[in-house]
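Remarks on the structure that follows.
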Amino acid sequence: MTTRTTELASQLVAIPSYVSPTQNEKEIIEFLAQYTKEKLPQLTITEAPVKEGDRSNLYMTGSKQPRIVFVGHVDTVQPSDGWRTDPLTPTIVGDRLYGLGSADMKGSIASLLIALQTVDARLINEVAVLLY
């Protein structure tokens, strides 16, 4: 079974977002900013650079003072041994998605962004999202 949430979570899992000397969250922040511009154009998107390197935080706001702020991280742990599948290749077995970050924030971020696409316009104007 594939849903919009599963499809988005799979896209996020496929983007490496662990921090190492050769890897960081830049690509996933850029993907999420572009996705939000396309799917949630009523939100204002701000990328805020992080001082420690080539990274940014992503802040999305409606047109009014937020009544609720959703906060989540986009980084994952570094891939390690012990996986039965490639941790950076989204794999669906039955009704479960496997991959680095799928059960942590990448699945949650996908769920949030899909849910926000169904929210009444009057409510989304009072929402803010911080992804760091």
* Among the residues of segment 114-123, write down those that are at pLDDT 95 or above and surrounded by fewer than 18 Cβ atoms within 10 Å (Cβ to Cβ). => I114, A115, Q117
* Considering only segment 80-113, how many residues are over 15 Å from the mean Cα position of the chain (by Cα) and either open to solvent by 50 Å² or more (accessible area, probe 1.4 Å) or β-branched (V, I, T) (or both)? -> 15
* Structure fact -> P49 vs (1) modelled with pLDDT of 95 or more; (2) exposed (fewer than 15 other Cβ atoms within 10 Å of the Cβ); (3) within 13 Å of Y132 (Cα to Cα): all pass except (1)
* To do: State whether one or more residues within segment 51-65 are of a type outside the set (D, E, K, R) and free of Cβ contacts under 8 Å to residues at least 60 places away in the same chain.
  => yes
* Asked: Within the set of pairs 6+ apart or on separate chains, which have a first residue in segment 16-31 that is under 18 Å from A110 (Cα atoms) and small (G, A, S), a second that is part of a helix (DSSP H, G or I) and open to solvent by 80 Å² or more (accessible area, probe 1.4 Å), and C-beta atoms under 8 Å apart?
  -> S17/E27
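The values are calculated or read from the model by the stated rules, or taken from the named source; none is laboratory data. Predicted model, so just to flag it, every value in this text is computed and none were measured. Methodologically, a virtual Cβ is constructed for each residue, glycine included, from the backbone with ideal geometry; neighbour enumeration extends over all protein chains shown. Side chains included, ligands, DNA and RNA excluded: accessible areas come from the protein's heavy atoms. Shrake-Rupley method; radii C 1.70, N 1.55, O 1.52, S 1.80 Å.
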